[in-house]
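The values are calculated or read from the model by the stated rules, or taken from the named source; none is laboratory data. Worth saying up front: this structure is predicted, and the values here are computed from it rather than measured. Here the Cβ is made from the backbone with ideal geometry for all residues, glycine too, and neighbour counts use every protein chain on show. Just so you know, the surface numbers come from the protein's heavy atoms only, side chains and all, with ligands and any DNA or RNA stripped out. Shrake-Rupley method; radii C 1.70, N 1.55, O 1.52, S 1.80 Å.
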Amino acid sequence: MASGTPANNDFALLVAVLPPSLQEAVRQLPEAELLEVVMDLGRPPEARLVHGVARLSEAPVTQEALQAVLAHVGEVGGDNRAGIERTLHRVSAIRNRQGRVVGLTLRVGRAIQGTIDMLRDLVESGRNLLLLGRPGVGKTTKLREVARVLADALGKRVMVVDTSNEIGGDGDIPHPGIGGARRMQVSRPDRQHDVMIEAVENHMPEAIVVDEIGTAAEAAAARTIAERGVQLVATAHGNTLENLVLNPTLSDLVGGVQTVTLSDDEARRRGTQKTVTERKGTPTFDIVVEMVSRDEVRVHRDTGGAVDRLLTGTEVGGEKRRQQDGAVHVEAAPQVVEATPPGGRVPKGTPALGAPRPGPTRIAAHAVSRELLERVLRDLPVEAVVVGRPENAEVVLTLRSRANSPRLRRAAERVGARVLAIKRNSATEIRRALRTEFHLLEGVDPADVHAAVADAEEAIQRVLSEGISLPLAPRPSRLRKLQHTLVVKNHLEAVSVGSEPLRHLVLYPLGTVLTEASDTAPEDVDAPEPDDDLEDDDTLAADEETGDDEDAAPEASPANEGISEPPRT
């Protein structure tokens, strides 16, 4: 549990609404560990603790027991929640299809003073603060204490917008846990955004406290409040800042995200893909706090900078804080490379939402058999896992006929996923595409393949950033084709020069007039070797009919069709 002292003890009032047969069992439990009591029709009642579950009785819950509890609590509202007068406890109902209550969750509410000691400097700064965390991690408890500190310790005019009476308790008189803060109740959950604006317009607050911003209308209302100079402290569901950025409904709280298509020149100048993801505007909340647990948080003091770093693939950072034995332990944020603001030069590499991540490569099958994809992956020496949605993938495998689907392209662009298109839904086609994607060459040492790819990628980045021509180390023809594929994907030019075994690629910026090849001495320019040419379509078709693709070179894959080394002069 979080460090701190309960402001007052309402526990006995919660126990009193339970059926007599359960009251003594609940009293025997450690009060500080109890989170909620669960009563489901026809099942034994249970108590959920911080560390485990305890059964309160072997007798199943009856309809009479449920009605007895409802008779001692407030009226159940449209959000199926009720409370106990002047307490912070919450009673949530589960109904059947006819509207009859068949289950209850009695959640223990506590006002704990000192629970925001590790965030107090942020609250006192006057900046807008957003708390992120999964359900049950203690967001509302901290929000309640924030309201009390702002009102009592800092003497501010504080207005609490209380949609489900969780912050200020049930009844018309607010719970003492919010101190001198005033409370506005919300008649219906869908009116929360209206009450947020009403609080600003009618009551001149210096700070507004809101629990669970979850809709686009509430996000827009939050921005309106922030633009009027009122300090805003709120919570939202999501474990990390990245969860919020990927949430299209709530991403505006941290500045929003937009996909921008760059010109060829701008993409070369930035050293990135033509499609990049950027922050759209100024974040509503200046500070974002990720609640790891009740006693540990990660603080992002500059939301805009953190989002920019996330979108450009650099380390997001964040300051770790932990509360233990009444003391706050702070671990300074690691040094990170500052990301440039939207419109500035983006660091080399792909956007962060599609940046390479540790662990297996995530592949999604779109209009392609997932079973076939999984079977092929089992036979290939790669670390990859199949995921269900393109939004969660780094690579999306689809049919050529579906590759230009606007919906698929939007999903792929949003997360920076690569789209692989195949001719038809067959194991042969899938295997060819994956061999090319993962640079698998039959009969070639994987270490040589890795060295050739690394050499090409390093040279590509230099040519993109410095605008110079650059030769690569000599490689066999199959490795040169692999390097050439990477060059073309990055919008550059390449020419093979020299004779075997010193034949190699020279990289040029896109649009360069390639006269260097004509200046090469005749003895250095030999005729094309048979294995330097890609297989033609007839060969590909024959392979598809036989299904014999195990010996097919990756350069014969559909992803590389039409790509070959430039003719030698």
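In the context of the full set of protein chains, residues of the stretch 205-295 present 36 Å² of accessible surface per residue (probe radius 1.4 Å, heavy atoms only).
The share of accessible area on the stretch 234-319 that comes from carbon and sulfur is 42 percent, using a 1.4 angstrom probe. Dipole check for the stretch 267-336: with +1 at the C-beta of Lys and Arg, -1 at the C-beta of Asp and Glu, and the Cα centre as origin, the magnitude is about 580 Debye.
Averaged over residues, the count of other Cβ atoms within 10 Å places the peptides 167-177, 303-313 in the sequence 303-313, 167-177, highest first. Taking θ as phi - 60° and the Karplus parameters 6.51, -1.76 and 1.60, the scalar couplings of the stretch 468-475 work out to 10, 8, 8, x, 9, 5, x, 9 Hz in sequence order, x denoting glycine and proline. About the centre of its Cα atoms, the stretch 1-91 shows a dipole size close to 80 debye [charges on the beta carbon of Lys, Arg (+1) and Asp, Glu (-1) only; nearest 20 debye]. Averaging the sequence gap over all C-alpha pairs within less than 8 Å and six or more residues apart, then dividing by the number of residues, gives the stretch 162-278 a relative contact order of 17 percent.
Taking θ as phi - 60° and the Karplus parameters 6.51, -1.76 and 1.60, the scalar couplings of the stretch 62-75 work out to 9, 5, 5, 5, 5, 5, 5, 5, 4, 5, 9, 10, x, 5 Hz in sequence order, x denoting glycine and proline.
Quotient of the Cα radius of gyration of the stretch 79-155 and 2.2 N^0.38 Å, N being its number of residues: 1.41. Mind checking which lysines have their C-alpha under 27 Å from K139, skipping anything on the same chain fewer than 8 residues away? Partners within reach: K156, K320. Taking a straight Cα-Cα cut-off under 30 Å and skipping sequence neighbours fewer than 8 places away in the same chain, the lysines within cross-link reach of K423 are K274, K481, K489. In terms of the mean number of neighbouring beta-carbon atoms within 10 Å, the peptides 191-201, 11-21 order highest first as 191-201, 11-21.
Taking Cα centre as origin and charging only the Cβ of basic (Lys, Arg, +1) and acidic (Asp, Glu, -1) residues, the dipole magnitude of the stretch 356-505 rounds to 820 debye.
The accessible surface of the stretch 360-488, taken with every protein chain in place and a 1.4 Å probe, is 47 percent carbon and sulfur. Accessible area per residue for the stretch 40-191, computed on protein heavy atoms with a 1.4 Å probe, is 44 Å². Here's how it looks for H175: its modeled amide H is under 5 Å from those of G169, which are all 5 or more places away or on a different chain.
When you filter the GluC sites (Glu not before Pro) in the stretch 1-99 for DSSP loop state and at most 16 other Cβ atoms inside 10 Å of their Cβ, you are left with E58, E75. Taking the square roots of 5 times each eigenvalue of the Cα gyration tensor of the stretch 120-257, largest first, gives ellipsoid semi-axes of 22, 16, 15 Å.
The phi torsions of the stretch 289-305, fed into the Karplus equation with coefficients 6.51, -1.76 and 1.60 and a -60° offset, translate into couplings of 10, 8, 8, 6, 8, 5, 10, 9, 9, 10, 10, 10, 6, 10, 4, x, x Hz, rounded to whole numbers, with Gly and Pro shown as x.
Distances between placed amide hydrogens fall under 5 Å for R418 paired with V395, V396, all partners being 5 or more residues away or on another chain. On the principal axes of its alpha carbon atoms, the stretch 226-309 extends 48, 31, 22 Å, with the longest extent given first. Loop-located GluC sites (Glu not before Pro) in the stretch 389-443 (DSSP state other than H, G, I, E, B) with a sparse environment of at most 13 neighbouring Cβ atoms within 10 Å: E442.
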